[in-house]
Amino acid sequence: MNEILEDLRESILSGDRARLQEQINGAIEAGLDPVVILNDGMVAAMKEVGRLFECGEYFVPEMMRAARAMKDGLAILKPSLQRAALESSGKVIAGTVQGDMHDIGKNLVCMMLEGAGFEIQDLGIDVSPAQFIDAVRASGADILAMSALLSTTVLNMKVTIEALERAGLRDKVKVIVGGASVTESSARQVGADGYAPDASQAVALVQSLIAQ
Ligand code: B1M
């Protein structure tokens, strides 16, 4: 099993999309838990990519290749991660905040929420406060989920929450935040209702906020 996961990690590190797709299919066929494939194989590889970028061994092109492989791989893993949901458990608007192009973690959160029966409106990346507000106003969503990976863009979560307040919508929607640059304490500082460190905890958080 470790060897399968090790090979998966290598394919993400080298950005080998074709090989990764074969390996994920093989791992599923071999009966590996999709959550283990995701967390111990794929997410672990992306953490290593970040480490290599930080120490100057990888540059943006290597990061992009790894990110593309990761996205293709997630598309293959998606059906195994999700269970069929018959009716909507609630509506969630999601997006990566303004100035931030990172979307792999946000996509994963959306995928897991969808699998848990939530209706998702994904606004994508680089989403402005006005776009979030328009979507909340138009949809009557239960939850607004914002992702940020850069320390500089975490501030845009606060800007968006303040804009929600000015628009008179703050008490209409619960706001959750997450992403590599967000912590429990920064989540409180930006005025969010909740923080989750990973996608499965984001599902539990949304479920508990909706139950309140
Ligand atoms: Co970027 N990047 N990047 N990057 N990148 C980081 C984030 C960085 C930490 C790398 C590093 O230096 N070690 C660093 C940020 C430093 C900082 O601000 N503190 C960084 C930088 C500096 C940059 C650029 C500025 C580089 C440059 O151009 N010089 C640039 C910025 C572009 C921009 O956004 N304006 C940039 C660009 C890129 C790429 C485009 C090449 C690519 C993104 C491709 C894409 O997303 N489509 C990329 C990548 C791939 C990374 C790393 C290597 C991996 C991110 C990732 O996908 N991880 C990243 C290093 C790292 O994070 N360690 C890095 C896998 C993913 C599953 O994890 O997104 O954390 P993550 O999501 C997790 C949790 O955080 C959580 O759930 C997920 C797992 O279950 N989560 C939530 C996420 N959102 C959530 C929302 C929730 C709840 C949980 O509720 C709403």
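Restricting attention to segment 75-119 and to residues that are more than 11 Å from the ligand (Cβ to nearest atom) and in contact with a strand residue (DSSP E or B) (Cβ under 7 Å, 6 or more places away or on another chain), the residue that is modelled with the lowest pLDDT turns out to be SER88. Selection over segment 174-212 of residues that are under 19 Å from GLU162 (Cα atoms), near the ligand (Cβ under 8 Å from one of its atoms) and of a type in the set (A, V, I, L, M, F, W, C) gives a count of 3. Screening segment 120-155 for residues that are more than 11 Å from the ligand (Cβ to nearest atom), touching a residue at least 40 places away in the same chain (Cβ under 8 Å) and of a type outside the set (Gly, Ala, Ser) and picking the one that is farthest from VAL92 (Cα to Cα) gives VAL136. Within segment 41-60, residues that are within 13 Å of ILE104 (Cβ to Cβ) reach partners that are more than 8 Å from the ligand (Cβ to nearest atom) and aliphatic (A, V, I, L, M) with beta carbons closer than 6 Å, at six or more positions or on different chains, in the pairs ALA45/ILE12; ALA45/LEU13.
When segment 123-147 is filtered for residues that are among the hydroxyl-bearing types (Ser, Thr, Tyr), modelled with pLDDT of 95 or more and surrounded by fewer than 18 Cβ atoms within 10 Å (Cβ to Cβ), only SER128 remains. A search for C-beta distances below 6 Å between a residue of segment 105-119 that is under 15 Å from ASP142 (Cβ atoms) and assigned to a helix (DSSP H, G or I) and any residue that is more than 8 Å from the ligand (Cβ to nearest atom) and at pLDDT 90 or above, counting only pairs 6+ apart in sequence or on different chains, returns CYS110/ILE120; CYS110/ASP122; LEU113/VAL92; LEU113/ILE120; GLU114/ILE120.
The values are calculated or read from the model by the stated rules, or taken from the named source; none is laboratory data. Every value quoted in this text rests on a predicted model; they were computed, and no experiment measured them. As a convention, Cβ positions derive from the backbone with ideal geometry for all residues, glycine included, and neighbour counts pool all protein chains shown.
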